[in-house]
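Heads up: the structure comes next, in structure tokens.
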Amino acid sequence: MFSKPRPLVGWCLIGIGLLHNSLGLARDWRLLSDATRGGLAGSFTQTDARLATVFWFLVTGFSLMLLGGAVAALERLTPLLPWGWIAGLAALTITGIVVMPASGFWTLLLPSGIAIARRVRRHGSPDMVRP
């Protein structure tokens, strides 16, 4: 009897997104609070680059959580994520690390590694994958 594999890649992405937003909120709480008091609507379109940075920091975290939920649902059907998706995540990870080495892109090595390891362990290299 086989047990269903856990959606580890999806859970990792959700966890990274939660961590991303937690750090952003902790770091920039005062700035967000000031923006909210001044009227939240339109406050992130001002010329203050710090507000734009906070906005995109939080959007990235929420996007990772949404992506993680979708990937987790897919992993419940099959733990073998498509090679194209894995390659895309790996390319994003490597590019982010090269361009911004002092960033959180390093955290994406974990879900990328898990996805690659599962795929290779079950079906070999990309050249050996059968339809």
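Each value in this text was obtained by applying a stated rule to the coordinates, not by laboratory testing. Quantities reported herein were computed from a predicted structural model and do not represent experimental measurements. Cβ atoms come from the backbone with ideal geometry, glycine included; neighbour counts cover every protein chain shown.
Using a 7 Å offset from the Cα along the Cα-to-Cβ direction at both SER22 and LEU92, what is the distance between the two label points in nm, to one decimal?
Calculated label separation equals 2.1 nm.
Taking neighbour Cβ counts within 10 Å as the exposure measure, how do VAL99, VAL9, VAL120, VAL54 sort from fewest upward?
The most exposed by this proxy come first: VAL99, VAL120, VAL54, VAL9.
So how many Å³ per residue does the convex hull of the Cα atoms of the range 8-128 work out to?
114 Å³
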